[in-house]
1. Sort through Ser241, Ser226 and tell me the only one that's assigned by TED's automatic domain parsing to the domain that holds His74, at pLDDT 95 or above, touching a strand residue (DSSP E or B) at 6+ places or on another chain (Cβ under 7 Å) and of a type in the set (Ser, Thr, Tyr).
2. Going by what's in this entry, would His74 be described as farther than 19 Å from Ile278 by Cα and either among the small types (Gly, Ala, Ser) or buried (at least 23 other Cβ atoms within 10 Å of the Cβ) (or both)?
3. Are any residues in region 50-71 surrounded by fewer than 17 Cβ atoms within 10 Å (Cβ to Cβ) and either in contact (Cβ under 8 Å) with a residue 40 or more places away in the chain or not hydrophobic (A, V, I, L, M, F, W, C) (or both), and if so, which ones?
4. Just to verify a result, which residue in region 54-105, among those that are in a loop (DSSP other than H, G, I, E, B) and basic (Lys, Arg), is nearest to Ser248 (Cα to Cα)?
5. Can you find, within region 185-202, the residue that is farthest from the chain's Cα centre (by Cα) among those that are buried (at least 19 other Cβ atoms within 10 Å of the Cβ) and in a loop (DSSP other than H, G, I, E, B)?
6. Please state which one of Ala194, Ala216, Ala183 is under 23 Å from Asn134 (Cα atoms) and in contact with a strand residue (DSSP E or B) (Cβ under 7 Å, 6 or more places away or on another chain).
7. Mind listing whichever residues of region 144-171 are assigned to a strand (DSSP E or B), surrounded by fewer than 24 Cβ atoms within 10 Å (Cβ to Cβ) and not polar (S, T, N, Q)?
8. On the given criteria, is Ala175 over 18 Å from the mean Cα position of the chain (by Cα), at pLDDT 95 or above, small (Gly, Ala, Ser) and within 17 Å of Val149 (Cβ to Cβ)?
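The values are calculated or read from the model by the stated rules, or taken from the named source; none is laboratory data. These numbers come from a predicted model, not from an experiment. Cβ sites come from the backbone with ideal geometry, for glycine too, and all protein chains shown count toward neighbours.
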Amino acid sequence: MGEGYNYSTIQSAVDAVPRNLAGRGEQRIVIHRKAGDPPWIYNEQVHIEGGDEGVMNASAQDFMLLTVAEEDRHKGIAGTGVALSKTTGCLLNVSLPYTRIQWLDIKGGNGDAMVECKANGIRVENCIVHDNENVEDGGSGIEITVADVIIRNCVIYNIRGHGIIAVQSQASAIAQNVTVFNAGDCGIDVRDGATLSIQNCISMGSAVKDYRKWFADWTNCSNNMSSDSTAPGTAYIRSASAGNQFLSLTPGNEDFHLAENSAAINAGALLGGFNTDIDGVLRPETENWDMGADEKKGEDINQVVDRAASAAGDTVIALKPGLYNDGKIEIKGIIEIVK
């Protein structure tokens, strides 16, 4: 773990970061696999502390990055890469400004939230946050109580409380291309004076509301989907069926990659600041981005032809309009191939 030094736990690597970040640039902690098959589980709670008790003088230029080695990252599905998992407490408690968290599979915990953002400028990207433990007051996936937080390309599901909640008057956040499913309270919630910008998000199957604002404000919301009537902003899709959007909602085998005919495909807005999805696939595959954490990847033409050729019956193979070969080939009309 780490570049240049090896540590047995994530927390020990975090604790080894210099106390004063001024002028030091990016302080990168790279988490590697453990022995055996995935998931490679780190059974611990991680505290990334700022201020007098922790690291000082973090900035947009001098910050801590907690990420996973490229070859050990999840594949957009829980259980396929490095995981942070523990049954008790908050799994990631971040009070160091401008910290960036990437590529973790985060499971469990019974605290107020699985990931607590307690300092300005935090980013959580390409993470899977799921299946927290039974908590008396619910327990959220990601809780935001500070300003300038960004949540991108994350999948959040099977949460006892809120998927994402921004709370308190000083809190402000942006959620972009996030997928939330099966929250025991609200999928994405903003309340008590907080502000939240929501773009290209999918929130479905929530017990209370997929999106809610309570004495708070949405800002700059567009291109969001819900299974109820609450998707905010412009260019929304409401009252959609979750079963039609994703590859699998089977408990224990969830796969939130987009289904072939999902309404989220090509329904998102073109955004700035990032250009990939939860798997690292470039956005967009067509002229517009997809909603949610996944950007639907075009099939390989050879695979389509081989699959159709091996099927019984028809003597004509029809290649339908769409994207193929990772979006490099677009078929605009039906191509018929005689077997």
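1. Ser226
2. Against the criterion (farther than 19 Å from Ile278 by Cα and either among the small types (Gly, Ala, Ser) or buried (at least 23 other Cβ atoms within 10 Å of the Cβ) (or both)), His74 does not qualify.
3. Of everything in region 50-71, those that are surrounded by fewer than 17 Cβ atoms within 10 Å (Cβ to Cβ) and either in contact (Cβ under 8 Å) with a residue 40 or more places away in the chain or not hydrophobic (A, V, I, L, M, F, W, C) (or both) turn out to be Gly51, Asp52, Glu53, Asn57, Ser59, Ala60, Gln61, Glu70, Glu71.
4. Ranking the candidates gives Lys75 first.
5. Ala194
6. Result: Ala183 is the single residue among Ala194, Ala216, Ala183 that is under 23 Å from Asn134 (Cα atoms) and in contact with a strand residue (DSSP E or B) (Cβ under 7 Å, 6 or more places away or on another chain).
7. Hits for region 144-171 are Ile150, Tyr157, Val167.
8. Against the criterion (over 18 Å from the mean Cα position of the chain (by Cα), at pLDDT 95 or above, small (Gly, Ala, Ser) and within 17 Å of Val149 (Cβ to Cβ)), Ala175 does not qualify.
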